[in-house]
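Peer 1: Below is the structure I would like to discuss, written out as structure tokens.
The values are calculated or read from the model by the stated rules, or taken from the named source; none is laboratory data. Computed from a predicted structure; not experimentally measured. In this analysis, Cβ positions are derived from the backbone assuming ideal geometry, glycine residues included, and neighbour counts consider all displayed protein chains. Each accessible area value is taken on the protein alone, full model and side chains, heavy atoms only, with ligands, DNA and RNA left out. Shrake-Rupley method; radii C 1.70, N 1.55, O 1.52, S 1.80 Å.
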Amino acid sequence: MAPANVRTAQAPSADRRLRTLVRHLLPSSPRRAAAAAADTSATLESFPTMASQGSSVFAALAQAPEDPILGVTVAYNKDPSPVKVNLGVGAYRTEEGKPLVLNVVRRAEQMLINNPSRVKEYLPITGLAEFNKLSAKLIFGADSPAIQENRVTTVQCLSGTGSLRVGGEFLARHYHERTIYIPQPTWGNHPKVFTLSGLTVRSYRYYDPATRGLDFKGLLEDLSSAPSGSIVLLHACAHNPTGVDPTIDQWEQIRQLMRSKSLLPFFDSAYQGFASGSLDKDAQSVRMFVADGGELLMAQSYAKNMGLYGERVGALSIVCGSADVAVRVESQLKLVVRPMYSNPPLHGASIVATILRDSEMFNEWTLELKAMADRIISMRQQLFDALKSRGTPGDWSHIIKQIGMFTFTGLNSEQVAFMRQEYHIYMTSDGRISMAGLSMRTVPDLADAIHAVVTQLK
Amino acid sequence: MATLSLAASSAARRPALLPPRLLAARAMASSLFGHVEPAPKDPILGVTEAFLADPSPDKVNVGVGAYRDDNGQPVVLSCVREAERRILGNLNMEYLPMGGSIKMIEESLKLAYGEDSGFIKDKRIAAVQALSDTGACRLFADFQKRFLPDSQIYISTPTWSNHHNIWRDAQVPQKTFTYYHPESRGLDFSGLMNDIKNAPDGSFFLLHACAHNPTGVDPTEEQWREISHQFKVKKHFPFFDMAYQGFASGDPERDAKAIRIFLEDGHQIGCAQSYAKNMGLYGQRAGCLSILCEDEMQAVAVKSQLQQIARPMYSNPPVHGALVVSIILNDPELKGLWLKEVKGMADRIIGMRKALKENLEKLGSPLSWDHITNQIGMFCYSGMTPEQVDRLTNEYHIYMTRNGRISMAGVTTGNVAYLANAIHEVTKPN
């Protein structure tokens, strides 16, 4: 094993590593001598898995682009400007611009942590049973016939993302149609979640830039022409990123069309209670579909409405045609979860269960939730008023018509970049702003910036 | 066509008053998922389900690998309780970055690679917080599939059953390598070395860093050095699964020896770490995946790609467990307390191994039970057949996985005699 067989390394550090390696292999013990003698054919040619030379198995690997949504906060954090405003990621902020842990959540956490008999054992693969039952009741209604008939299987997952992924994987394995239709536009992570689940992603018309509202005609046309049985992703309320929701009448038409074509609804509910301030009102669309006896999937998240973002709390429910089917479906969901992360995290789900099971804490939660929703609605009104008072050209009524955390401003990517560079106001490049990031103090700044960018950059 | 208005929805709740169209729909008894087969129960987690369902007062659970104290109770470590107390005043529960808690990652790398590791200083390690060991392995498997699509994974025979599920779902082809020697209930070292030599150059191997699951059989330090050398010759990629650091010998540094040997030899390794057992954080799903890279730039690139795999799976990892880990490991006093508690758990298990073996010998079992004390970590690969295990369950209400794996953590001074007697009864020659 002469060093002469070693290919000349290019970098000095590689040289050093090669010399270390060679030293290890020089006969310094009988075993090593025997090994060296036996291995006459092996040379120290450079090869990807060795650290000893200039390339590695990952040498060709490129750096991934920054996530378009989370990347906004990364850029914001780097900005030294004292007047910067982050309207990027959809996380609630108080009037003071601070994140908020709900009082009822603090109380629940305290109860859990101060209880000496609580343990940290693995949850079952499907998660905390009580959490699952309460979550299903929350979204479907406590008196939902589907629940009473045991036709619902609910599995705790990692927030909305995890619920969507587990549902997508299940469908790719067990459902006869492998295409999912997602609204145009939708949350940036949706296409990736479903593609990696093994589904083919197509889109249906949703947002009308001309009206900044719903392209209902286009939506109905596209769903009508979808192959029978296709999966359709529906935002239960507070559509992300547009804030544009169908009316109840429009939801009814969508429901009838979908049922007549056997299109499978896959609801994403990330804002129940956050949109209108009422948990029941925000669940109306979902409950209409359940009430007709049909099947559907439902991804639920507690990130926003309970402020549990980082705890990753959510649930996937599948409403099935019968209790027997629900049992079998649940068993197959476990097979998706086990090789992904075995069982879901305990902490957040325990907090949710603590709150939902106790009527007094539940009520306190609804009040805090309404307060958050009301502050956002108030920000919408203030921004609209501020733009009106500046005489900013254009129709800005969509700001108060749109619902939930986000407003689709209608700004183009050039204008968005301008806002970032000149005004240190951060939003995603599609012009989506998180109203939760606004305060009475910053609304005028944003209005000024929008005014400037609309009048200067067309 | 019957239209459901909101007013009518209350009528819809009473089946007898359903509009005929909907009644017909219900009666169709069709479901889009009617063809879905019931899945088999997980071989490990299914054991605990069965145990819980058993009403017998004598029942013993030596199935899943979760630590129990000498009263058979689950344990929350004191250092964990203290860390949680400190978390209570926390300002927020905001999203962690996609790659997880930086602090938790830093501390995890120190544990695995060494407090003063040059690789950490040189920022050559791409690391992300992961959903415990399962999540770390899955991220790596998906990463392998995406960036090394021609690669496969060599997995020991036997291994933790979920390893097969993970790489299968990642669609990475699997092969096995010889590991366990049933006759000696030890390591089949020559078989292992042969398989390493015969695998194509540049193969990927899944190695248990310490306390092999399910066998409890670990290579000696000398053997690890030979394995590492052969890996160099063959240019294999070593992926370490370290779920029991500290839990095997009681000393985390000692339990990381295999990894350190490979690092000294110049390998670029991957490593999955878990705090489920050694910090008792099972349900919190706290872990870390790391990959040692060529240089800092590559580490940044690799980390960014790992994040791209996590984002469509769960966006970002859970914060609570990460906070607990980083508070404990960052505070010298708490870390000292943790080290003591880990040693305490490891020592109790070592003590139970001794007790089980002594009990079996006292009962006059003609078989050799040396492997109980030779093996290390949470599990003992007893050598019992599935039929014998079934008898243990059906006749004695003792629950373990059918491969004969006993979780020693479930053995107590209170049940060791009962367990020994039952094992003796089902294994004694007739």
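Peer 1: State all residues of the stretch A:438-458 that are modelled with pLDDT under 90 and part of a helix (DSSP H, G or I); if no residue qualifies, say none.
Peer 2: A:Gln456
Peer 1: Taking interchain pairs and intrachain pairs at least six residues apart, which have beta carbon atoms under 8 angstrom, with the first residue in the stretch B:326-339 and crowded, with 22+ Cβ neighbours inside 10 Å and the second of a type in the set (Lys, Arg) and at pLDDT below 95?
Peer 2: Matching pairs, first to second residue: B:Ile327/B:Arg86.
Peer 1: Right, something else. Taking the condition away from chain A (no Cβ under 12 Å) and touching a helix residue (DSSP H, G or I) at 6+ places or on another chain (Cβ under 6 Å), does B:Thr178 pass?
Peer 2: When the stated conditions are applied, B:Thr178 passes them.
Peer 1: Ok, one more. Tell me, yes or no, whether the stretch A:213-230 has at least one residue that is open to solvent by less than 10 Å² (accessible area, probe 1.4 Å), among the small types (Gly, Ala, Ser) and either within 18 Å of the chain's Cα centre (by Cα) or within 14 Å of chain B (Cβ to nearest Cβ) (or both).
Peer 2: Yes.
Peer 1: Report, ordered by the first and then the second residue, all pairs with beta carbons closer than 6 Å, sequence separation of six or more or different chains, a first member in the stretch B:226-241 that is within 9 Å of chain A (Cβ to nearest Cβ), and a second member that is small (Gly, Ala, Ser) and not in a strand (DSSP E or B).
Peer 2: Once the first residue is within 9 Å of chain A (Cβ to nearest Cβ) and sits in the stretch B:226-241, its partners that are small (Gly, Ala, Ser) and not in a strand (DSSP E or B) give B:Val233/A:Ala42; B:Lys235/B:Gly202; B:His236/B:Ser203.
Peer 1: Could I ask something else about it? Those residues that are of a type in the set (Phe, Trp, Tyr) and assigned to a helix (DSSP H, G or I), I need them from the stretch A:82-138; list them, please.
Peer 2: Matches in the stretch A:82-138: A:Phe131 only.
Peer 1: Does any residue of the stretch B:244-259 turn out to be open to solvent by 10 Å² or more (accessible area, probe 1.4 Å), over 19 Å from the mean Cα position of the chain (by Cα) and polar (S, T, N, Q)?
Peer 2: no
Peer 1: Further question: When the stretch A:378-399 is examined, which residues are found to be at pLDDT 95 or above and open to solvent by 60 Å² or more (accessible area, probe 1.4 Å)?
Peer 2: Matches in the stretch A:378-399: A:Gln381, A:Asp385, A:Lys388, A:Ser389, A:Arg390.
Peer 1: On to the next question. Does A:Ala417 satisfy being assigned to a helix (DSSP H, G or I) and free of Cβ contacts under 8 Å to residues at least 24 places away in the same chain?
Peer 2: Here the answer is yes, as A:Ala417 does meet what is asked.
Peer 1: Mind counting the residues in the stretch A:182-226 that are in contact with an Asp or Glu (Cβ under 7 Å, 6 or more places away or on another chain) and free of Cβ contacts under 8 Å to residues at least 60 places away in the same chain?
Peer 2: So the answer is 8.
Peer 1: Quick test of your reading of the structure: A:Ala371 fulfils all but one of (1) part of a loop (DSSP other than H, G, I, E, B); (2) open to solvent by 40 Å² or more (accessible area, probe 1.4 Å); (3) within 23 Å of A:Tyr92 (Cβ to Cβ). Name the failing condition by number.
Peer 2: (1)
Peer 1: Sticking with this structure for a sec: Output the residues belonging to the stretch A:415-454 that are of a type in the set (Ser, Thr, Tyr) and either more than 27 Å from the chain's Cα centre (by Cα) or closer than 21 Å to A:Asp385 by Cβ (or both).
Peer 2: Those that are of a type in the set (Ser, Thr, Tyr) and either more than 27 Å from the chain's Cα centre (by Cα) or closer than 21 Å to A:Asp385 by Cβ (or both): A:Tyr423, A:Ser434, A:Ser439, A:Thr442.
Peer 1: Go over the candidates B:Phe189, B:Phe205 one by one and state the one that is within 11 Å of chain A (Cβ to nearest Cβ), free of Cβ contacts under 8 Å to residues at least 60 places away in the same chain and not basic (Lys, Arg).
Peer 2: Answer to the selection: B:Phe205.
Peer 1: Within the stretch A:272-285, track down each residue that is part of a loop (DSSP other than H, G, I, E, B) and in contact with a Ser or Thr (Cβ under 9 Å, 6 or more places away or on another chain).
Peer 2: A:Gln272, A:Gly273, A:Gly277, A:Ser278, A:Ala283
Peer 1: Any residue that is away from chain A (no Cβ under 13 Å), assigned to a helix (DSSP H, G or I) and small (Gly, Ala, Ser) - is there at least one of those in the stretch B:308-330?
Peer 2: Yes, the stretch B:308-330 contains a residue that is away from chain A (no Cβ under 13 Å), assigned to a helix (DSSP H, G or I) and small (Gly, Ala, Ser).
Peer 1: Mind telling me which of the residues A:Val325, A:Val329, A:Val352 ends up being part of a helix (DSSP H, G or I), more than 7 Å from chain B (Cβ to nearest Cβ) and at pLDDT 95 or above?
Peer 2: None of the other options fit; the residue is A:Val352.
Peer 1: Quick one: would you say B:Lys197 is among the basic types (Lys, Arg) and in contact with a strand residue (DSSP E or B) (Cβ under 6 Å, 6 or more places away or on another chain)?
Peer 2: No.
Peer 1: Continuing with the same structure: Search the stretch A:129-146 for residues being among the hydrophobic types (A, V, I, L, M, F, W, C) and open to solvent by 40 Å² or more (accessible area, probe 1.4 Å), and hand back the single one that is farthest from A:Ala236 (Cα to Cα).
Peer 2: This residue is A:Ala129.
Peer 1: Residues in the stretch A:107-141 that are of a type in the set (D, E, K, R) and more than 8 Å from chain B (Cβ to nearest Cβ): how many?
Peer 2: Counting residues in the stretch A:107-141 that are of a type in the set (D, E, K, R) and more than 8 Å from chain B (Cβ to nearest Cβ) gives 4.
Peer 1: Here is a follow-up. Hand me the list of helices (runs of 4 or more DSSP H) wholly inside the stretch B:344-430 holding 2 or more residues that are more than 22 Å from B:Lys41 (Cβ to Cβ) and out of contact with any strand residue (DSSP E or B) (no Cβ under 7 Å at 6 or more places or on another chain).
Peer 2: Answer list for the stretch B:344-430: B:370-374, B:416-427.
Peer 1: Quick one: count up the residues across the stretch A:158-206 that are open to solvent by 40 Å² or more (accessible area, probe 1.4 Å) and more than 12 Å from every other protein chain (Cβ to nearest Cβ).
Peer 2: Selection size over the stretch A:158-206: 6.
Every residue, every condition in (1) more than 14 Å from chain B (Cβ to nearest Cβ); (2) more than 25 Å from A:Leu233 (Cβ to Cβ); (3) touching a strand residue (DSSP E or B) at 6+ places or on another chain (Cβ under 9 Å); (4) not small (Gly, Ala, Ser), yes or no:
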{"position": "A:Met340", "(1), (2), (3), (4)": "no, no, no, yes"}
{"position": "A:Arg357", "(1), (2), (3), (4)": "yes, yes, no, yes"}
{"position": "A:Leu369", "(1), (2), (3), (4)": "yes, no, no, yes"}
{"position": "A:Phe384", "(1), (2), (3), (4)": "yes, yes, no, yes"}
{"position": "A:Lys401", "(1), (2), (3), (4)": "yes, no, yes, yes"}
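Peer 1: Can you find a residue that is within 14 Å of chain B (Cβ to nearest Cβ), closer than 25 Å to A:Leu369 by Cα, open to solvent by 10 Å² or more (accessible area, probe 1.4 Å) and hydroxyl-bearing (Ser, Thr, Tyr) anywhere in the stretch A:243-264?
Peer 2: Yes, the conditions are met somewhere in the stretch A:243-264.
Peer 1: Could you check, for the stretch A:216-225, whether at least one of its residues is assigned by the TED database to the domain that holds A:Phe289, in contact with a strand residue (DSSP E or B) (Cβ under 7 Å, 6 or more places away or on another chain) and of a type in the set (A, V, I, L, M, F, W, C)?
Peer 2: Yes, the stretch A:216-225 has at least one match.
Peer 1: So, one more: Given the conditions (1) polar (S, T, N, Q); (2) surrounded by 14 or more Cβ atoms within 10 Å (Cβ to Cβ); (3) more than 24 Å from the chain's Cα centre (by Cα), which single one is not true for A:Asn86?
Peer 2: (3)
Peer 1: Looking only at the stretch A:38-63, how many residues end up being modelled with pLDDT of 50 or more and surrounded by fewer than 17 Cβ atoms within 10 Å (Cβ to Cβ)?
Peer 2: So the count comes out to 5.
Peer 1: Also: What's the number of the only condition in (1) more than 18 Å from the chain's Cα centre (by Cα); (2) more than 12 Å from chain A (Cβ to nearest Cβ); (3) more than 30 Å from B:Asn330 (Cβ to Cβ); (4) not aromatic (Phe, Trp, Tyr) that B:Val62 fails to meet?
Peer 2: (1)
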